[in-house]
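Heads up, the thing below is written out as structure tokens.
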Amino acid sequence: MTVEKLNRQRVVHLLDAFARGDIEAALSCCTDDVDFLTHAPIDILPHMVPRHGKAELRTLWQTVWSRYSEVRYKAPHIVAEGDEVATYMHAYFRKRSNGRVVQFDIAVFYTFRNGQVAQIREIIDSYDLVQQVLEREIGPLITGAGVVVDGV
């Protein structure tokens with residue numbers, strides 16, 4: 001089996017473990033010094049700050065699972081080249097608070113070292129995600145449309 005096929009399988013294993021809520025199994029796919037970074041508005045999603053090491057990543061994933069009761073994903077594109085794997089996914093997270101499903105597209109890039117994930121980089125459609133998490137249209141807040149200032 002090529003290193004590309006093996007690393008692709010490793011990513012799918014990590015994703016499947018996370019999707020079933022098995023955080024420890026997902027973490028076992030990572031190096032002790034795993035480095036995580038996502039491009040998300042941390043003032044609205046403060047748990048999405050950069051993380052370094054398994055303990056910090058565990059805290060992030062536990063926070064996610066404390067807010068969502070179900071996680072599903074579809075990965076129509078997984079491309080591997082050497083120790084690099086890129087995924088394009090559709091993610092579905094069911095909110096614990098009201099059962100609503102937050103769905104968003106995400107690109108995730110994994111770097112392997114000695115057969116384990118050493119780096120995770122995520123790019124999320126954060127505009128759409130924030131609207132779904134807040135359950136409101138944020139365009140007017142950004143543009144100032146419909147915002148009352150000093151009674152006007």
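The values are calculated or read from the model by the stated rules, or taken from the named source; none is laboratory data. These figures come from a predicted structure and were not determined experimentally. When we count neighbours, we look across all protein chains shown, and the Cβ atoms used for this are built from the backbone with ideal geometry, even at glycine. For the accessible areas, the whole protein counts, side chains as well, though only heavy atoms, and no ligand, DNA or RNA atoms are used. Shrake-Rupley method; radii C 1.70, N 1.55, O 1.52, S 1.80 Å.
Miscellaneous remarks
- Local charge for His39 was computed over the other residues whose Cβ lies under 14 Å away, with Lys and Arg +1 and Asp and Glu -1, and equals -3.
- Cα pair count fraction exceeding 19 Å, expressed as % - region 1-103: 50
- For Lys74, the aspartates and glutamates whose Cα falls under 13 Å of its own Cα, not counting residues fewer than eight places away in the same chain, are Asp16, Asp105.
- With every protein chain in place, region 50-128: carbon and sulfur % of accessible area (1.4 Å): 48
- Linear extension gain, Tyr88 paired with Arg100, 0.36 nm per residue minus alpha-carbon span: 2.0 nm
- Angle between the chain longest axis and helix 54-67 axis [Cα atoms, degrees, rounded to 10]: 50
- Residues in region 110-126 that a label on His52 would reach, taking backbone N under 17 Å of a point 7 Å out along Cα→Cβ: 118-121
- The angle separating the long axis of helix 3-19 from the principal Cα axis of greatest extent in the chain is about 50 degrees.
- Probing with 1.4 Å while keeping every protein chain in the model, the per residue accessible area of the chain equals 56 Å².
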